[in-house]
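Okay, structure first, notes after.
The values are calculated or read from the model by the stated rules, or taken from the named source; none is laboratory data. Computed from a prediction, not measured in an experiment: that's the story for all the values here. Note that we place each Cβ from the backbone using ideal geometry, even for glycine, and neighbour counts take in every protein chain shown. Surface areas here come from the heavy atoms of the whole protein model, side chains and all, with no ligands, DNA or RNA. Shrake-Rupley method; radii C 1.70, N 1.55, O 1.52, S 1.80 Å.
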Amino acid sequence: MREIAATEVTATVARLFREANLYLPPDVKEALKRARERESFPRAREILSRLLENALIAEKEGLPICQDTGIAVVFLEVGQEVRVVGKLEEAVHEGVREGFRQGYLRASVVRHPLDRVNTGDSTPAVIHTRLVPGDRLKITVMPKGAGSENMGMVKVLRPADGREGVKRLVLETVQRAGPNACPPLVVGVGIGGTVEKAALLAKEAVLRPVGSRHPHPLEAELEEELLEAINCLGIGPLGLGGDTTALAVHVATYPCHIASLPVAVNLSCHATRHRTAVL
Amino acid sequence: MSRVKVLRPPLTEEVVEELRVGDQVLFTGRLLTARDAAHQRLVEALRRGEELPVDLKGQVIYYTGPTPAPPGRVIGSAGPTTSGRMDPYTPSLLAKGLKGMIGKGYRSLEVREALVKFRAVYFVTYGGAGALLSRCIKGVRLVAYPELGPEAIYEFWVEDFPAWVANDIYGGDIYKASLSQHCGRG
C-alpha cells in the first residue's frame with residue numbers, strides 16, 4: 001500500500017487553488033483568441049481582447065482573474081492501492097483554508113444556506129471522491145464562481161422529449177443566463193443517470209479541455225449542433241451582442257432508467273478555472 | 001456606438017439626461033461599493049427610519065466584493081457582481097437620490113421602471129475581469145459595516161473606470177438592443 005501524508009494533500013490543494021485563480025488554463029486562452037479572430041462584432045472583439053488582457057494582468061501581477069474566487073470544488077480520484085495517512089477530507093478543507101489565505105483570495109462561503117454567516121476562509125470545500133484502480137491520488141480543483149453557477153439547471157425530461165428536448169433545455173438555460181453568467185461560456189451538459197448523477201456529469205464535463213472532441217459520434221454531433229445554436233443566440237461576450245456566446249459545449253452521458261431522461265446544464269464563465277495534480 | 005463620455009460623480013440631472021443606452025463611459029472620482037449584505041442593511045435602516053451611514057444623493061454604487069489587497073496594493077481583484085441580486089433593494093435607494101449603479105447582467109422590470117421614475121442610470125462593466133478593473137482603482141476607504149468584510153461599503157477613488165450605459169432614463173435596455181442586432185433576430 002502506497003502512503004501519502006495528509007499534509008501533502010493539504011499543501012497540494014492550497015497550491016492548486018492559488019494557481020487556478022491566477023492562471024487561466026491555456027486551452028481557455030486559446031479558445032478566446034480563436035473566438036476573437038472569428039468574431040464579426042467590433043464591440044465583441046474589443047471585449048474579448050480585454051478579457052485576454054485581464055488574464056495576462058492576473059498572471060503578471062499575481063491578482064485573481066476574477067474577484068469571485070469561487071466556492072472550492074474538489075474532485076478526488078483515490079487509487080485503491082493508496083492510503084492517505086491522516087484525514088483526507090480534513091486535509092482538503094485545510095488546503096482550501098491555506099490556499100485562500102496565502103493567495104489573498106476572497107472568502108465567499110457562508111456556514112449555512114439560510115443564516116448566511118461567512119465562514120471567513122472559504123471552507124468547507126465541496127468534495128467529490130471516486131475510488132479508482134492504481135496507487136495514485138489525483139486532485140482537481142475548480143474554483144466555481146456564483147455568476148455562472150447560479151444559472152445552472154437540472155430537469156428530468158420524458159424519454160419522448162429525446163434529443164430535441166435536451167437541446168431545447170440547454171438553449172433555454174443559456175438564454176436565461178444571458179449576461180449574468182459572464183459569457184463566452186463553457187457549457188457542460190450531463191444527460192442520463194439520476195438527478196444527482198446528471199448534475200455531476202455536467203460539472204465534470206466543464207473540466208474537459210476546450211477544443212477537444214467527444215470520442216463518441218452521438219455526443220460529438222450534439223456538441224457541435226448545440227455550440228452552433230448557442231452562438232446564433234447573439235448574446236455575445238458579456239451579453240453585449242456578438243457571435244461568441246459559448247467557447248465550447250461538452251456533453252457527458254450515462255445509462256438511465258427506462259422511464260427517465262435526466263438532464264443537467266452547468267455553465268462556466270469565460271474564466272473557466274481548474275488545476276490538477278497527481279500525487 | 002457614440003463617443004466615450006467622462007463621468008465624475010456625483011452625477012447631476014443634466015449629465016444623466018445626456019446618457020443613452022450603449023454609450024461608453026469612463027468614471028473618474030468617487031464610487032461607493034455595496035452588494036447583497038450592505039444593501040440589506042441600508043434598506044433595513046430606511047425601514048426603521050434611520051439615517052443612512054452614507055449620503056446617496058447623486059452617488060454611483062459599484063456592485064463589487066473585491067479580493068483582499070495583497071501587500072503593496074490598494075485593492076485586489078475587483079470586477080462587478082451580478083446586479084439582479086440587488087433588485088429587491090434598488091428602488092428604495094433610488095428614492096434616496098442614488099443616480100447610478102455599475103454591475104453586470106439583467107435588471108428586473110421593477111428596477112428598470114424605477115430608473116425612469118427616479119431618473120437614474122444602470123451601467124455595466126467587464127464581468128469577470130477583476131484584475132483589469134483593479135488597475136483603475138487608485139484609493140480605497142472603508143465607509144460602513146466593516147464586519148461585512150468584502151461585503152462592506154467602501155469608497156473607491158477611480159480613474160478611467162470603463163463602463164457602458166445599460167439602462168438609461170428613457171427606458172432603453174442594452175441587452176435588448178444587442179440581441180436585436182444579431183442574426184436578423186429581434
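Summary of values
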{"quantity": "Evaluation of A:Val13 against (1) over 24 Å from B:Pro150 (Cβ atoms); (2) open to solvent by less than 10 Å² (accessible area, probe 1.4 Å) (one fails), failing number", "calculated": "(1)"}
{"quantity": "Unique match (being touching a residue at least 24 places away in the same chain (Cβ under 8 Å), more than 9 Å from chain A (Cβ to nearest Cβ) and open to solvent by 10 Å² or more (accessible area, probe 1.4 Å)) among B:Val116, B:Val111", "calculated": "B:Val116"}
{"quantity": "Some residue of segment B:139-147 being modelled with pLDDT under 95 and assigned to a helix (DSSP H, G or I)", "calculated": "yes"}
{"quantity": "In segment A:121-161, residue farthest from the other protein chains (Cβ to nearest Cβ) [restricted to those that are within 12 Å of the chain's Cα centre (by Cα) and in a strand (DSSP E or B)]", "calculated": "A:Thr140"}
{"quantity": "Qualifying residue in segment A:83-103 (condition: farther than 19 Å from A:Gly147 by Cα and touching a Leu at 6+ places or on another chain (Cβ under 6 Å))", "calculated": "no"}
{"quantity": "Within segment A:229-245, tally of residues that are farther than 10 Å from A:Glu39 by Cα and either within 7 Å of chain B (Cβ to nearest Cβ) or of a type in the set (A, V, I, L, M) (or both)", "calculated": "10"}
{"quantity": "Residues located in segment B:22-50, provided they are among the β-branched types (Val, Ile, Thr) and either part of a helix (DSSP H, G or I) or more than 15 Å from the chain's Cα centre (by Cα) (or both)", "calculated": "B:Val43"}
{"quantity": "Pair list, Cβ < 9 Å and 6+ apart or interchain, from segment B:1-24 residues that are closer than 10 Å to B:Ile169 by Cα and in contact (Cβ under 8 Å) with a residue 12 or more places away in the chain to residues that are among the hydroxyl-bearing types (Ser, Thr, Tyr) and open to solvent by less than 80 Å² (accessible area, probe 1.4 Å)", "calculated": "B:Arg20/B:Ser2"}
{"quantity": "Meets criteria (at pLDDT 95 or above, among the basic types (Lys, Arg) and closer than 15 Å to B:Gly128 by Cβ) for A:Arg50", "calculated": "yes"}
{"quantity": "A:Ile235 being among the β-branched types (Val, Ile, Thr) and within 14 Å of A:Leu171 (Cα to Cα)", "calculated": "yes"}
{"quantity": "Within segment B:71-98, tally of residues that are open to solvent by 20 Å² or more (accessible area, probe 1.4 Å), facing chain A (nearest Cβ under 9 Å) and more than 15 Å from the chain's Cα centre (by Cα)", "calculated": "2"}
{"quantity": "Residue pairs meeting the criteria (Cβ under 6 Å; at least 6 apart or on separate chains; first within 7 Å of another protein chain (Cβ to nearest Cβ), in segment A:50-76; second open to solvent by 20 Å² or more (accessible area, probe 1.4 Å) and part of a helix (DSSP H, G or I))", "calculated": "A:Ala58/A:Leu22"}
